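Read through the structure below, which is laid out as structure tokens, and then see the notes.
The values are calculated or read from the model by the stated rules, or taken from the named source; none is laboratory data. Since we're looking at a predicted model, the values are computed, not measured. Here the Cβ is made from the backbone with ideal geometry for all residues, glycine too, and neighbour counts use every protein chain on show.
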Amino acid sequence: MSTTTSTSVQRSFEIPQSRIAGGRFRDDLRGMSVVWRRELIRFIRNRVRIVVALVQPILFLFVLGTGLSPIVKTGSHGFDFKTFLFPGILGMTVLFTAMFSAVSIVWDREFGFMREMLVAPVRRSSLVVGKCAGGATVATLQGAIIIVLAGLVGVPYSPVLIITLLAEMALTAFGVTALGVTVAARISQVESFQFVMQLLVLPMFFLSGAVFPLTDLPQWLAVLTRIDPLSYAIAPMRSAIFEHIKVSPSLLKTLAPSITWDGWKVPLGMELGLIALAGIILLLVAVIQFSRPE
């Protein structure tokens, strides 16, 4: 056999080079996108979930708000207590929806789908980021539906106000979803996660000032409201709403007070920065949790 023929035979048996997926930013970005889209698809297809998630906020807003209006002393005639309650209802919607999104991690682990995701040729951090982004998007969309009811409680449909509320809800949803993912990372049963979720969600909601003003509180309760991270999300949303309605300075001071630390007023930017910082820290903790071997 000639040298030319031998070379041709060798070339015909050469195995083409192949690239193993993973290790590149493009692969991680694709993994984030897949997880994010999966969360959106699950949300859009589950119409019952969308409707049920709206029932509780509507009941709180119109039933509780209407029932408390006659007995709540606002210090001003004609003020609708539901207007005060509205930002708290937005926070509640985001809180419950974002935490509920994290329960799918426990479902995926219980039914084996999580193991298939973890062996994918992408960094696990990309899966966590995609999950948090998806949960935050779903929670923000759910909150956006509640904004449609703003006109019924005396909140104007101002484009600036709506954009501000959407941005603040998105930031809050990111932090809460990161918290839920961190908690769900080491829970293997749905029932256990539901108990833990109730233990976290209800105190966060009631201590945030969503249903009562954070003024003239007992010292122990005032301390708890300042520890609650959701307080720093409700306060900016309420301030944004009160800037677009006519209220007296005394009423504004009573119903929408600034959060203070030992008499020092916490700036609005710092309140939002604390939410962002908490979300980033929780996201890093979730990444560490998922990086550990099962």
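Each residue in the range 154-169 was checked for being crowded, with 19+ Cβ neighbours inside 10 Å and either within 12 Å of Phe43 (Cβ to Cβ) or over 11 Å from the mean Cα position of the chain (by Cα) (or both), and 3 of them qualify.
I'd like to check which helices (runs of 4 or more DSSP H) are fully inside the range 37-138 and have at least 1 residues that are at pLDDT below 80 and closer than 30 Å to Arg24 by Cβ.
So the answer is 81-110, 113-118.
Where in the range 155-236 are there helices (runs of 4 or more DSSP H), lying fully within it, with 2 or more residues that are touching a helix residue (DSSP H, G or I) at 6+ places or on another chain (Cβ under 7 Å)? Break it down into steps so the answer makes sense when it comes.
Values: elements: 159-184, 190-206, 219-227.
Here the list reads 159-184, 190-206.
Beta carbons closer than 8 Å, at least 6 apart along the sequence or on distinct chains, pair a first residue in the range 194-218 that is touching a residue at least 40 places away in the same chain (Cβ under 8 Å) with a second that is surrounded by fewer than 17 Cβ atoms within 10 Å (Cβ to Cβ) and among the charged types (D, E, K, R) for Thr215/Lys253.
Restricting attention to the range 252-284, the residues that are buried (at least 16 other Cβ atoms within 10 Å of the Cβ), touching a residue at least 40 places away in the same chain (Cβ under 8 Å) and part of a helix (DSSP H, G or I) total 9.
For a quick check of your reading of the model, give me the residue pairs whose first member lies in the range 36-61 and is under 29 Å from Ser126 (Cβ atoms), whose second is part of a helix (DSSP H, G or I) and of a type in the set (Phe, Trp, Tyr), with beta-carbon atoms closer than 9 Å and at least 6 apart or on different chains. Sorted first by the residue in the range 36-61, then by its partner, the pairs are Arg49/Phe43; Arg49/Phe100; Ile50/Phe43; Ala53/Phe96; Ala53/Phe100.
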